Amino acid sequence: MGLHRSELSADVLRLLMDGTVIPAHPLALTEDRDLDARRQRALTRYYIDAGAGGLAVGVHTTQFAIRDVGLYEPVLGLAAESARAWTSRPLVMVAGLAGRTAQAVAEARVAVRLGYHAGLLSLAALKGRSEDEIVAHCEAVAAEIPLVGFYLQPAVGGMRLSEGFWRRFASIDNVVAIKMAPFNRYRTLDVIRGVAEAGALDRIALYTGNDDHIVLDLTLPFDLRIDGRAVRASIKGGLLGHWSVWTASAVKLFERCRAARGAATIDADLLALDARVTDCNAAFFDVANDFHGCIAGCHEVLRRQGLLAGTWCLDRAEGLGPGQAAAIDRVLREHADLSDDAFVRTNLARWLA
């Protein structure tokens, strides 16, 4: 028997449903592209001390190629072990799940065995399949672990999924959240509307993965009309590659957004931060080169802080895009107040110990 959402601890389920900061955990490598366990452990400690409410491991930012080199279980195990040893407070542990049904089911079983609470399900391997086939795939994996749906943008391997698909996905009993990362307002609304039409807004937490629109996603309400009824939805938290860097500052910003969500009016200065955060993301994710350096860019920020030794990726063809280093230089200079450099400097030696 797999893990059902009803078996999650009340603290973990409440944290997930109320919304929290979940960084997508990068992969620390040596120059020889072997796992750097010391720095991998330091990253986990950094996110916990920064105030993150969870960790997403084995996801796109961790590099899907960990599966090809036998690192999937070791990396997930190291993160789970490091988190348990570093803190006793509740954390939502999310495992990335990928591949065709047999592979995704096997990964879900590994994740449950290692103590993960939910699986973020990539559907990239099912590109070209019918909606019925994709829903059946999701149901099979949901029999093993509570699911976090994943709408990944096509630029990095995702595919378009209809409002009808998201209505059917939201009707699966063991779905607990959906990460919306199509980087497209129309597609984001498709997800929200699909969940609302399934009557699942109270059961499924909406999380932004739109790294290009973080502040407004977390702040603004979404008003819909469902069968003639007015329905208001909100995005509760974020599961973001962007939050793999400057995480302590991201936690503070998240709390500002959450507080503003319940206010009668929203501070214009907070709304204006959306453009500044997006400007940083454009540099970190290498938008100028169609996201070629989206992983290496986050590595570069962490390298400059001392958390990583280099920007190495498992795929030697992956690295900073042309001009990306200069773009990162600019945003570090212009948006230095959004960084958490001082926090990292104060704690780095302890995390690396």
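List of remarks:
- Among residues that are basic (Lys, Arg), out of contact with any Pro (no Cβ under 8 Å at 6 or more places or on another chain) and within 24 Å of Phe291 (Cα to Cα), Arg168 is not included.
- Of residues in the stretch 222-241 being open to solvent by less than 10 Å² (accessible area, probe 1.4 Å) and touching a Leu at 6+ places or on another chain (Cβ under 6 Å), the one nearest to Ala56 (Cα to Cα): Ile235
- Cross-chain or 6+ apart pairs with Cβ under 8 Å, the stretch 254-281 first and more than 20 Å from Ala181 (Cβ to Cβ), then part of a helix (DSSP H, G or I) and open to solvent by 60 Å² or more (accessible area, probe 1.4 Å): Leu270/Arg256
- Selection within the stretch 20-67 - part of a loop (DSSP other than H, G, I, E, B), closer than 21 Å to His117 by Cβ and open to solvent by 30 Å² or more (accessible area, probe 1.4 Å): Gly51
- Residues satisfying the stated conditions in the stretch 299-334, i.e. among the aliphatic types (A, V, I, L, M) and either in contact (Cβ under 8 Å) with a residue 24 or more places away in the chain or closer than 15 Å to Thr62 by Cα (or both): Val301, Leu302, Leu307, Leu308, Ala309, Leu314, Leu320, Ala325, Ala327, Ile328, Val331, Leu332
- Hey, Phe165 farther than 25 Å from Pro26 by Cβ, in contact with a Cys (Cβ under 9 Å, 6 or more places away or on another chain) and not charged (D, E, K, R) or not: no
- Residue-level analysis places Ala200 outside the set of residues that are in contact (Cβ under 8 Å) with a residue 60 or more places away in the chain and crowded, with 18+ Cβ neighbours inside 10 Å.
- The criterion of at least 3 residues that are at pLDDT 95 or above is met by the following strands (runs of 3 or more DSSP E) wholly inside the stretch 130-236: 147-152, 175-181, 205-208.
- The one condition in (1) in a helix (DSSP H, G or I); (2) within 27 Å of Leu123 (Cβ to Cβ); (3) open to solvent by 20 Å² or more (accessible area, probe 1.4 Å) that Gly70 fails to fulfil: (1)
- Residue that is nearest to Ala65 (Cα to Cα), among those in the stretch 99-121 that are touching a residue at least 40 places away in the same chain (Cβ under 8 Å) and open to solvent by 10 Å² or more (accessible area, probe 1.4 Å): Glu107
- Any chance Val287 is touching a helix residue (DSSP H, G or I) at 6+ places or on another chain (Cβ under 7 Å), modelled with pLDDT of 95 or more and of a type outside the set (Phe, Trp, Tyr): no
- Residue check for Asp132: under 22 Å from Val94 (Cα atoms) and surrounded by fewer than 16 Cβ atoms within 10 Å (Cβ to Cβ): no
- Any chance Ser244 is crowded, with 18+ Cβ neighbours inside 10 Å, within 22 Å of Pro182 (Cα to Cα), in contact (Cβ under 8 Å) with a residue 60 or more places away in the chain and polar (S, T, N, Q): yes
The values are calculated or read from the model by the stated rules, or taken from the named source; none is laboratory data. Quick caveat, the model's predicted, so the values are computed rather than measured. With ideal geometry, Cβ positions are generated from the backbone for all residues, glycine too; neighbour counts draw on all protein chains shown. Ligands, DNA and RNA are stripped out before the accessible areas are found, and what is left, the full protein with its side chains, is counted by its heavy atoms. Shrake-Rupley method; radii C 1.70, N 1.55, O 1.52, S 1.80 Å.
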